[in-house]
Amino acid sequence: MEISRREFVKATAVALATAAAGGSLSMLVACSGQSESAVSGGDTQKYSAVCRFCGCGCGVICEVKDGRLVSVTGDPDNQSNKGLNCVKGYYLAKVLYGEDRLTTPLIRDDSSTKGTEGGLREASWDEALDLVASKLKETWKADKSRLAFWGSGQQPITEGYITAKLWKAGLLSNNIDPNARLCMASAVVGFMNVFQTDEPAGCYTDLDYADVFVTWGANMAEAHPVLYSRLTARKLNDPNVKHYDLGTLRTRTSASADKTLVFHPGTDLAIANCIANYLVENELYDADFVEDHLQFKAGTENIGNAYDDGYDASDVGQSVDKVWNIEFAEYAEMLKPYTFEYTSELSGVAVEDLKELADVFADPDKKVMSLWTMGVNQHNRGTWMNHNIYNIHLLSGKIAQPGSGPFSLTGQPTACGTAREVGTFSHRLPADLLVANPQHRRYSEAIWNLPEGYLDEIQKPGFHTVKIFREMSKGNMDFLWSAHNNWAQSMPNLTRFLGRGDQKGVFDTFVVVNEVYPTLSTQYADVVLPAALWVEREGQFGNAERRTAVFEKAVDPPGDAKWDLWIILQVASRVLEGEQIDGRDAFDTLFGFIWDKSAGDFKGDSRQTNIDIWEEYRTFSNPDLNEKAKAINDNASGEFEGKLKMEAKQLAPYEEYLANHGLTWPVREVDGTWLPTMWRFANGSQEEGFDEVGIAQYGEEGLAGGISFYKTAKGKPSVVFRPYEPPAEEPDDEYPFWFCTGRLLEHWHTGTMTRRIPELDRALPEAQLNVHPDDCTKLGVTDGDLVRVKSRHGEFEIHVSTAGRTEPAPGVVFAPFFAQETLVNLAVHDYYCPLSKEPDYKKTCVSIEKV
Amino acid sequence: MVISSLVVDAVPGTEDAIAQSLAAIDGVEVHNREENRLVVTIEAETVDASHAVASSFIEIDGVMNINLVYANFEDDPSLRKA
């Protein structure tokens, strides 16, 4: 860099950070698409984007010079982060330019080489695509139950939408599920059960107004640093603001909390019920809110655990979703066993601490924000625990108001936008619609221009994630395609799923992996398809606060790497060759609006393609755009139960997202301007972020708190009593420890991107087992010793540390899952929440012995 | 050389001590202060080195959060050439 340029860059750096610190960054970074840079000067272009690491969804501005990304700046115009990023932002550049990027298709000719670093040879795109398409078509024609697509909460919205459309409408298969099943399926089922609409009522701005924060099994300081920074800033501004951290081990989040309540694994269910019992017994709940807004239910209990593959089909497995209405008095009666004394004994949390927390919810003047992610969701009763958190917020009326509300955080950049909103699950259609509901199928058929009844073939949900891999391990899967994930490291029970021992299952399945770097999953692939990464193409993420944001294409992918959408459509055009829908060409009916089959390419450029897909997808939440869909939405024929109210998730035209650097849905058109909604269901001015338009259309005014749950059946969310039931496994003489796994700041998920960065890897070079010092004494081990951790399902070796990033209670041990060489998931069990089918990664019982 | 700028959030009352500790780190300069927030630049050879320096701030007493605002890596010799 020339001296003058260097001085300029440094002066820019100082100006930007000074402005960000004072909150006036916007003027300096005004991003006008591809214009000349106002930041660094010279011949550079700037593009707005979204960080691709965690679920916070922070905006960034990418600066490009000579076709290369040269700088990233926190985007001041993205309201999710207002110009600040965490230190992972350094790697946004690095992640594109790692030495071992995959740049050419690879084919494995000998499947016995799976699980090794060798065995893959280079191939042309034509050869690879023909091979993938022929295997998919062969399986599809022979037995549709033996194929599956495993997607991701990192697959951008338009890509997820087209993939789901191919699978559901093109192949008439529901065997498609995202890795989001592993991280927030319990949150989704909780939302749907309680509110009949997915995703939180509140937003990140609540962090700036809450009086009390409660983190439930969530290490926000490491997993959601930018949001945690907002939480600590709020505490600093007002010394009366309190933070209670609940968990089974102490983390960096506990370090700055006012109080940490460490509970025995699984007893969070009882703690929430204890708070509810206190509110009800002492009449400290919000009586007006209860009267106006709530209905009470009970559900199937003693649901056991999904130990064996036949659980879902068993009598209890079939009845886990069952609920029925009860009176408030009955609910009160069910809560009665959850006294402070009983709950304290069960959980190990002191009575006075439980009482202090309960009093927080009892105080009508306190704004309370609950935050949770994997501790609650990856739980053998994950759906129940989501219910129990909603129960206490609903009873106390602490919801859908600035600074007050239960807020389910997410782990991936677009778990909300793609997995949930597009609906890439085995039981879903776009926009919260379900395959099992006839009105939902009719609605989708109308938008997809399919004959009425065409989707009836997929009314039965397909295989959820664990089922896909369990079936594969039994030799019942012939074709598996994955994208944007690393299942060979992130799935639980890898001893079984990687065919360790019998060399079956994955060895006999034809596996296709779209990837950007070599991973454990590519070691099991028959074909590896090199994909464009992050801003090498245009896409969209939807984050935890319902904010949809576009990331623009800033640079070209390296070598022969291609946009995933191009790959999907190339395969689709081959597989659907000769197929018809209602006498029309099947491929053209579904994808002809974006793809020219004779040219073998997109009709428009990447921007136009995204716009065209978005406009079709957006019709799902804007029924006025399609006459047939509108009639079904309004239940004009009277043949269905009622209106669909699809506008509750209303999305804006594509350009609005570019112009506004992201918008939170529902987005409403008021006098020609598209306005976001920050607090759903709360009445107030739309300009100020309240849900004025939604309530005017479907809701009711004058109810308690100015709230109207208009998307919910009868306008009343359900308080469902969910009892404490123990974890799937509990410690015994043979396996005396709880093993818990999770994520740490430096390494994101399975480390495929962050571990390519040597310095970062040096900062946290290996996964270590955090053990309580008393347990070390008992086991006769000290820091640095190598131990074997063994469960009923598998084993791995790892070094012990008592000075690690977490401080487990006696009897609990923790290790992260980022390290490929320390494959902790070999031992983690795959028992899942029977309602959400999300595995419990937090409570496998293990033995530990010195090697 | 990679040039980056950050906003470091300090526990009120510890700003001066933190600024001193930061300034003592090779390649780190403290430029401004907005209430309890310090404006800092890091100059280091690579993105990796910059990250290591930034991450080390958490060890300083009183540092609550480390926010990255801007990172320019056009001269990072370790990045693969396109």
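The values are calculated or read from the model by the stated rules, or taken from the named source; none is laboratory data. The structure presented is a predicted model; accordingly, all values stated were derived computationally and were not measured. Positions of Cβ are generated from backbone atoms using ideal geometry, with glycine treated the same way; all protein chains shown enter the neighbour counts.
A few points about this structure:
- Scanning segment A:207-232 for residues that are hydroxyl-bearing (S, T, Y) and over 25 Å from A:V349 (Cα atoms), we see that the one that is farthest from the other protein chains (Cβ to nearest Cβ) is A:Y209.
- Conditions (1) under 17 Å from A:G542 (Cβ atoms); (2) more than 29 Å from the chain's Cα centre (by Cα); (3) aromatic (F, W, Y): number failed by A:Y161: (2)
- Residue identified as surrounded by fewer than 23 Cβ atoms within 10 Å (Cβ to Cβ), among the acidic types (D, E) and under 30 Å from A:E700 (Cα atoms) among A:D206, A:D292, A:D258: A:D292
- Set A:E639, A:E615: member being of a type outside the set (S, T, Y) and farther than 24 Å from A:T418 by Cβ: A:E639
- Boolean, A:L129 is more than 14 Å from chain B (Cβ to nearest Cβ) and either surrounded by 14 or more Cβ atoms within 10 Å (Cβ to Cβ) or part of a helix (DSSP H, G or I) (or both): yes
- Any hit, segment B:1-17, residues being more than 7 Å from every other protein chain (Cβ to nearest Cβ), buried (at least 18 other Cβ atoms within 10 Å of the Cβ), in contact with a Lys or Arg (Cβ under 8 Å, 6 or more places away or on another chain) and small (G, A, S): yes
- For A:G115: the one exception among (1) more than 10 Å from chain B (Cβ to nearest Cβ); (2) in contact with a Lys or Arg (Cβ under 9 Å, 6 or more places away or on another chain); (3) part of a helix (DSSP H, G or I); (4) not aromatic (F, W, Y): (3)
- Taking every residue in segment A:306-324 that is over 19 Å from A:Q378 (Cα atoms) and pairing it with any residue that is assigned to a loop (DSSP other than H, G, I, E, B) and acidic (D, E), at least 6 positions away or on another chain, the pairs with Cβ-Cβ distances below 9 Å are A:S314/A:D308.
- Residue within segment A:576-584 that is in a loop (DSSP other than H, G, I, E, B), in contact with a Phe, Trp or Tyr (Cβ under 7 Å, 6 or more places away or on another chain), within 29 Å of A:E669 (Cβ to Cβ) and among the hydrophobic types (A, V, I, L, M, F, W, C) present: no
- So A:L450, is it part of a helix (DSSP H, G or I), surrounded by fewer than 24 Cβ atoms within 10 Å (Cβ to Cβ), over 17 Å from the mean Cα position of the chain (by Cα) and in contact (Cβ under 8 Å) with a residue 60 or more places away in the chain: no
- Conditions (1) more than 30 Å from A:V226 (Cβ to Cβ); (2) in contact with a strand residue (DSSP E or B) (Cβ under 8 Å, 6 or more places away or on another chain): number failed by A:Y90: (1)
- Residue pairs whose Cβ atoms lie under 8 Å apart, sitting 6 or more positions apart in sequence or on different chains, and linking a residue in segment A:1-14 that is at the interface with another protein chain (Cβ under 10 Å from one of its Cβ atoms) to a partner that is assigned to a helix (DSSP H, G or I) and crowded, with 19+ Cβ neighbours inside 10 Å, are A:M1/A:V9.
- The residues on offer are A:G715, A:G694, and the sole one that is farther than 22 Å from A:V189 by Cβ and over 24 Å from the mean Cα position of the chain (by Cα) is A:G694.
- B:N32 meets all of the listed conditions (1) in a loop (DSSP other than H, G, I, E, B); (2) facing another protein chain (nearest Cβ under 8 Å) but one, namely (1).
- Strands (runs of 3 or more DSSP E) completely within segment A:775-845 that count 2 or more residues being free of Cβ contacts under 8 Å to residues at least 12 places away in the same chain, surrounded by 21 or more Cβ atoms within 10 Å (Cβ to Cβ) and in the same structural domain as A:E117 (by TED's automatic domain parsing): none
- Taking segment B:59-75 as the range and being small (G, A, S) and either surrounded by 24 or more Cβ atoms within 10 Å (Cβ to Cβ) or touching a residue at least 60 places away in the same chain (Cβ under 8 Å) (or both) as the test, only B:A71 passes.
- Subset of segment A:95-111 (residues that are free of Cβ contacts under 8 Å to residues at least 40 places away in the same chain and over 31 Å from the mean Cα position of the chain (by Cα)): A:D109, A:D110
- Within segment B:48-66, being among the polar types (S, T, N, Q), facing chain A (nearest Cβ under 7 Å) and part of a helix (DSSP H, G or I) holds for B:S50, B:S55.
- Residues located in segment A:271-283, provided they are in contact with a helix residue (DSSP H, G or I) (Cβ under 8 Å, 6 or more places away or on another chain) and over 17 Å from A:N388 (Cα atoms): A:N282
- Of all the listed residues (A:Y331, A:Y307, A:Y342), the sole one being of a type in the set (F, W, Y), more than 18 Å from A:V360 (Cα to Cα), at pLDDT below 95 and out of contact with any Pro (no Cβ under 8 Å at 6 or more places or on another chain) is A:Y307.
- The single condition among (1) in a loop (DSSP other than H, G, I, E, B); (2) of a type outside the set (S, T, Y); (3) modelled with pLDDT of 90 or more that B:P77 does not meet is (3).
- Where A:T844 falls short, out of the listed (1) in contact with a strand residue (DSSP E or B) (Cβ under 6 Å, 6 or more places away or on another chain); (2) among the hydroxyl-bearing types (S, T, Y); (3) at pLDDT below 95: (3)
- Test: residue in segment B:45-58 that is of a type outside the set (A, V, I, L, M), within 16 Å of A:K88 (Cα to Cα) and surrounded by fewer than 21 Cβ atoms within 10 Å (Cβ to Cβ): yes
- Apart from one condition, A:N240 fits all of (1) free of Cβ contacts under 8 Å to residues at least 40 places away in the same chain; (2) more than 13 Å from chain B (Cβ to nearest Cβ); (3) in a helix (DSSP H, G or I); the exception is (3).
- Each residue in segment A:506-527 was checked for being in a strand (DSSP E or B) and more than 20 Å from A:D556 (Cβ to Cβ), and 5 of them qualify.
- Given (1) at pLDDT 90 or above; (2) more than 7 Å from chain A (Cβ to nearest Cβ); (3) touching a Leu at 6+ places or on another chain (Cβ under 8 Å), number of the condition B:V69 does not satisfy: (2)
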